[in-house]
Structure formats: structure tokens, C-alpha cells
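> Before anything else, here's the structure in question.
The values are calculated or read from the model by the stated rules, or taken from the named source; none is laboratory data. Since the structure is predicted, the reported quantities are computational estimates derived from the model, not experimental observations. Neighbour counts are summed over all protein chains in view; Cβ atoms, including those assigned to glycine, are modelled from backbone coordinates with ideal geometry. Areas reflect the complete protein model, heavy atoms only, side chains present, ligands, DNA and RNA absent. Shrake-Rupley method; radii C 1.70, N 1.55, O 1.52, S 1.80 Å.
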Amino acid sequence: MDKKKKDFEKRLLTRFISNSSLRMRISGLHALENEPPDFKIKRFVNGQFKEIGLEITRIINPSLKEIESAQEKTVELARRKFRSELKENLVVYVDFSENPFPFKEKDLQKIAEDLFNLVKTVAENNRGFKFNITTDEIKLNPIFRSITIKNDEDYGFENWQPFGAFRVPYIDETWFSSVIERKESKISNYSQAFDEKWLLMIANFGHESSAFQFSNLRAEFQKSKFDRIFIYNWMQDEIIRIKGK
């Protein structure tokens, strides 16, 4: 079990259930470590508790993921070094340039070192203050277009990630349906019964590979084995219901 991934998904789920449009009263949220579904929720509805089994998945375009994985690794290397030295919770968004991204380990280490040095300088120069700083046209390394560094964040937790502007395409409906079907295949392996089974699909993290428009969806999802299916646009904090109320 990837604990870091599970903790991150729990943060995503916590933010989702806190969205005011859901009007949900939750008494418990538990990660299931070695069996499906991913999470169990106790929800108070009409004077009683209902147990919900929830699968969670991030909608990511696989053809763009390789480059973003290398970028994410680089940012994570910088984050780890920063946390080991300064131990401060920051939000750092890195907009990489359109230059070809290198994949050799020594190149990633060099980029991570440059990123660490920049963030460290900003953090030390602004210690004791709330700040939200964007550095443009960075001369330190041409691989960066801009970097945003801030310590006053509504999300309530540390977040370092590649982030940039890009074209947002319509979702491929066939591929989208196949993602749902893969998650549905796990339902038969649930070791306990639930009052409801939910699927939470998360998009629009600020990565090009996760950015989609969904207005073109025309498939019939009412026959799904899930009782409710949600798309959660992370950056906009917006929920789209494609099955259930």
C-alpha cells in the first residue's frame, strides 16, 4: 500500500465532502488499506447513518503522463530537501517552459536543486509574513517559465506541483467510460455490504493531463453498478453529478 498516495487521496476526499453543494453530514471517513473500496464513509441521512463504500480515481490522460511524472519527481525532490532543512508548509506551483524536458537522473537532480534554492530564498526573505509570490522569466534555469510560492493557502495543507496554462480539451467519452468500468469490476470483491456505492472521479489538478471539459458527455451512466458517480474539478472546487442526486 502506497501510504503517501492514500493520504493524498484522503485529503482530496475530505475537500470533496466539505463542498457546500453536497450538504453532507459525515460522522466517519476511513481508508481501507488492503481491499476495495478505497474508503468507507458514514453519512447521516434522514435520522440514520448510512455506510458508503467509495472508490476514488484521478482522471489522467496517459499520453501526457510520462513528461508530467518526470516533472513531478523533480518537484518532489526539491520539496523533500526543503522540508529536511526548513520544515515549513508551503504551496509551490511550478510552470515549466515548453523546452523538451530531460529524463536523465542527473538533469532532474540539477533542476530540483535550482528549484530548492529559489524556494528557500523566498521563504527565508519573507519569514514571519504571509506571502504569495510569483517569479516570472526566471534566469536561474530556462526550464522554468514561472514559479508561484505562497504560505497562505485555503486548502490547508502543503502542496508542491507542476502547474501551468494549457488548452483544456473535451473528455474522450469512450476512454472515460472505460475508467468507470475498471472501477466497477472491483465491486464484486467488496468484503462487506454497503448501503450505497459511490465513485469519485477527480480532474483538473493544474496538470495538462488532468484538464478536461465534460459538457460533451452523452453516455448513459444510469445503468452503472455505482449508486452515485461524481466528477470533482479540483481547482474550481466544482462538482458534476453524472449519476445520482
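> When only DSSP loop residues count, what GluC sites (Glu not before Pro) in segment 47-108 have their Cβ near at most 11 other Cβ atoms within 10 Å?
Sparse-neighbourhood loop GluC sites (Glu not before Pro): Glu98.
> So, by mean Cβ neighbours within 10 angstrom, what's the order for 8-16, 193-201 with the highest one leading?
Result, highest mean first: 193-201, 8-16.
> Sticking with this structure for a sec: Which log10 I(q)/I(0) values, to two decimals, does segment 189-229 give at q = 0.21, 0.29, 0.30, 0.32 Å⁻¹ under the Debye formula with one point per Cα?
-0.86, -1.07, -1.10, -1.15
> Is there a quick way to get the dipole size of segment 75-172? I mean about its Cα centre, with the Cβ of Lys and Arg at +1 and of Asp and Glu at -1; what is the value in debye to the nearest 20?
300 debye
> Something else: Do any trypsin sites (Lys or Arg not before Pro) in segment 68-162 lie in a loop, going by DSSP, with at most 11 other beta-carbon atoms within 10 Å of their beta carbon, and if so which?
Passing both the DSSP loop test and the Cβ count: Lys87, Lys104, Arg127, Lys130, Lys139.
> If you put +1 on each Lys and Arg Cβ and -1 on each Asp and Glu Cβ, how big is the dipole of segment 16-116 around its Cα centre, in Debye rounded to 20? The partial results should precede the final answer.
Values: 17 positive and 17 negative charges, 120 e Å.
That gives a dipole near 580 debye.
> Here's something else I'd like to know. Specify the residue with the greatest mean-square fluctuation among Asn46, Asn99, Asn61, computed from a Gaussian network of the chain linking alpha-carbon atoms under 10 Å apart.
With Cα springs under 10 Å in the chain, the top fluctuation among Asn46, Asn99, Asn61 is at Asn46.
> In nm², what is the average projected area of the convex hull enclosing the Cα atoms of segment 1-42? Display every interim value, and only then the final one.
Details: hull surface 11.8 nm².
Mean orientational projected area (segment 1-42, Cα hull): 2.9 nm².
> In addition: Gap in Å between the Cα centre of segment 58-72 and the Cα centre of segment 99-146?
20 Å
> Another question, if that's okay. Within segment 5-25, which residues have the backbone N less than 11 Å from the label spot 7 Å out from Phe44 along Cα→beta-carbon, could you tell me?
Within reach of a label on Phe44, which here means backbone N under 11 Å from a point 7 Å along Cα→Cβ, segment 5-25 contributes 25.
> If you place +1 on the Cβ of every Lys and Arg, -1 on the Cβ of every Asp and Glu, and leave all else neutral, what size is the dipole of the chain about its Cα centre, to the nearest 20 Debye?
740 debye
> Let me ask something else about it. Computing the accessible area with a 1.4 Å probe over protein heavy atoms, can you report the carbon and sulfur percentage for segment 46-151?
Carbon and sulfur together cover 48 percent of it.
> Can you sort His207, His30 by solvent-accessible area, 1.4 Å probe, largest first?
Largest accessible area first, the list is His30, His207.
> Here is a further query. Between Ser224, Ser146, Ser215, find the one with the highest GNM mean-square fluctuation for the chain; connect C-alpha pairs within less than 10 Å.
Highest fluctuation among the options: Ser215.
> Can you divide the C-alpha Rg of segment 94-245 by 2.2 N^0.38 Å and report the result to two decimal places? Each step should come with its number before you reach the end.
Working: Rg = 20.3 Å, N = 152, 2.2 N^0.38 = 14.8 Å.
Taking N as the residue count of segment 94-245, the ratio is 1.37.
> Now a separate question. Express the accessible area of segment 162-235 per residue in Å², computed with a 1.4 Å probe while the remaining protein chains stay in the model.
Per-residue value: 49 Å².
> A further question on this structure: Give the accessible surface of segment 3-139 per residue, rounded to a whole number of Å², with probe radius 1.4 Å and ligands, DNA and RNA excluded.
58 Å²
> Taking 7 Å along the Cα-to-C-beta vector as the label spot, tell me the Glu98-Gln236 distance in nanometres, rounded to one decimal.
Spacing of the two 7 Å Cα→Cβ label points: 2.5 nm.
> With a 1.4 Å probe and all protein chains in place, put Ile59, Ile187 in order of accessible area, largest first.
Descending order: Ile187, Ile59.
> Using Stokes-Einstein with the Kirkwood hydrodynamic radius over Cα pairs, what translational diffusion coefficient do you get for segment 1-150 at 20 °C and a viscosity of 1.002 mPa s, in µm²/s rounded to a whole number?
For the chosen part, D equals 117 µm²/s.
> Out of Gln48, Ile26, Phe101, whose Cα points farthest toward the positive end of the dipole of segment 1-131 (charges: +1 Lys, Arg; -1 Asp, Glu; placed on Cβ)?
With unit charges placed on the Cβ atoms, the residue in question is Gln48.
> Per DSSP H run of at least 4 residues, take -39500 (n - 2.57); add these up for the chain, divide by its residues and hand me the 222 nm value, nearest 500 deg cm²/dmol.
The per-residue figure over the chain is -10000 deg cm²/dmol.
> Connecting C-alpha atoms closer than 10 Å in a GNM of the chain, tell me which of Gly53, Gly164, Gly28 has the biggest fluctuation.
Top of the fluctuation ranking is Gly28.
> While we're on this one: Using a Cα distance threshold of under 16 Å, what count of lysine pairs results for segment 123-245 when pairs must be 8 or more residues apart or interchain?
Final tally of qualifying lysine pairs is 15.
> What does the net charge come to around Gln213 if you take all other residues with beta carbon closer than 14 Å to its beta carbon, with K and R at +1 and D and E at -1?
Net charge around Gln213: -2.
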